[in-house]
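Peer 1: Below is a structure I'd like to ask you about.
The values are calculated or read from the model by the stated rules, or taken from the named source; none is laboratory data. For clarity, every value in this text was computed on a predicted model and none was experimentally measured. Glycine gets a Cβ as well: all are built from the backbone with ideal geometry, and neighbour counts include every protein chain shown. For the accessible areas, the whole protein counts, side chains as well, though only heavy atoms, and no ligand, DNA or RNA atoms are used. Shrake-Rupley method; radii C 1.70, N 1.55, O 1.52, S 1.80 Å.
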Amino acid sequence: MNKNIILLCVVMGLLACSEPQKMDQKNEPLEKKELTFGDMPNEQTKYETISTQPLAGNDAPLVALQTQLIKDHFEFIEKESGNSWSVHDCQNNIIIDVKGEGISTYTAKSKVGVGEGGKQFPDFLLLTFEFPTVEETTAKFKILDDAVHSGGGFCNGKAPATVVMSGNMVFYFTTSSEEFRSYIQSYADFVKSIKTVTVPASPN
């Protein structure tokens, strides 16, 4: 009888010790799910609009980039631009719409083939966004940079992309091939290195 009582006490003691542990596990917060492009929009998605504004005489960084591309045997062409572009921020669950007349689109393609047989021609797409002040450009660049690099840089697809700013302008580079990532990174670094003169916005 005494042995049975002792055994019963031991079992009850073990149950008492294990129960709080189960409770603690239940009270632990669930790990936050990493969103993907396909998960958005959802009930918690927020929307943000960024307005651009073209500025006369604000093209020094772009002209410098074009000059360098021509030296590197790239064809650089301006394309017809719409007045809107959007990007997802998977980290903060935000869809960002960039709008206005300050959006421009360009394509660049090398005239020199690379790779086996020289049959690959590096190319990339460039979008530029202009803003009235350096302060506003810096703030908008931070928003766009966070979005482009969210989800490990794959929130908006697998295409390599990067974003930089120079003066009153933000540059968004993207290319269709991982093999050409080094090109857009090299030209993004070039743009960042350009010393610019701030261009004030025209009074309304």
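Peer 1: In the range 181-190, is there at least one residue being open to solvent by less than 10 Å² (accessible area, probe 1.4 Å) and either under 19 Å from SER84 (Cβ atoms) or at pLDDT 95 or above (or both)?
Peer 2: Checked against the condition, which is being open to solvent by less than 10 Å² (accessible area, probe 1.4 Å) and either under 19 Å from SER84 (Cβ atoms) or at pLDDT 95 or above (or both), the range 181-190 yields at least one hit.
Peer 1: So, one more: Kindly establish whether GLN25 is at pLDDT below 95, part of a helix (DSSP H, G or I) and among the polar types (S, T, N, Q). Before the answer, list the steps.
Peer 2: Working: at pLDDT below 95: yes; part of a helix (DSSP H, G or I): yes; among the polar types (S, T, N, Q): yes.
Against the criterion (at pLDDT below 95, part of a helix (DSSP H, G or I) and among the polar types (S, T, N, Q)), GLN25 qualifies.
Peer 1: Is there any pair with a first residue in the range 140-162 that is free of Cβ contacts under 8 Å to residues at least 60 places away in the same chain and a second that is part of a loop (DSSP other than H, G, I, E, B) whose Cβ atoms are under 6 Å apart and which are 6 or more apart or on different chains, and what are they?
Peer 2: So the pair list comes out as ALA159/SER176; PRO160/THR175.
Peer 1: Of the residues that sit in the range 118-131 and are within 22 Å of the chain's Cα centre (by Cα) and either free of Cβ contacts under 8 Å to residues at least 24 places away in the same chain or open to solvent by less than 50 Å² (accessible area, probe 1.4 Å) (or both), which one is farthest from GLN53 (Cα to Cα)?
Peer 2: PRO122
Peer 1: Filtering the range 45-57 down to residues that are out of contact with any Gly (no Cβ under 7 Å at 6 or more places or on another chain) and crowded, with 17+ Cβ neighbours inside 10 Å, which residue is modelled with the lowest pLDDT?
Peer 2: Among those residues, the one meeting the criterion is LEU55.
Peer 1: Just give me the residues in the range 145-165 being open to solvent by less than 30 Å² (accessible area, probe 1.4 Å) and of a type in the set (A, V, I, L, M, F, W, C), in sequence order.
Peer 2: Hits for the range 145-165 are ALA147, VAL148, CYS155, ALA161, VAL163, VAL164.
Peer 1: Go through the range 144-194 residue by residue and tally those that are under 13 Å from the mean Cα position of the chain (by Cα) and assigned to a helix (DSSP H, G or I).
Peer 2: 9
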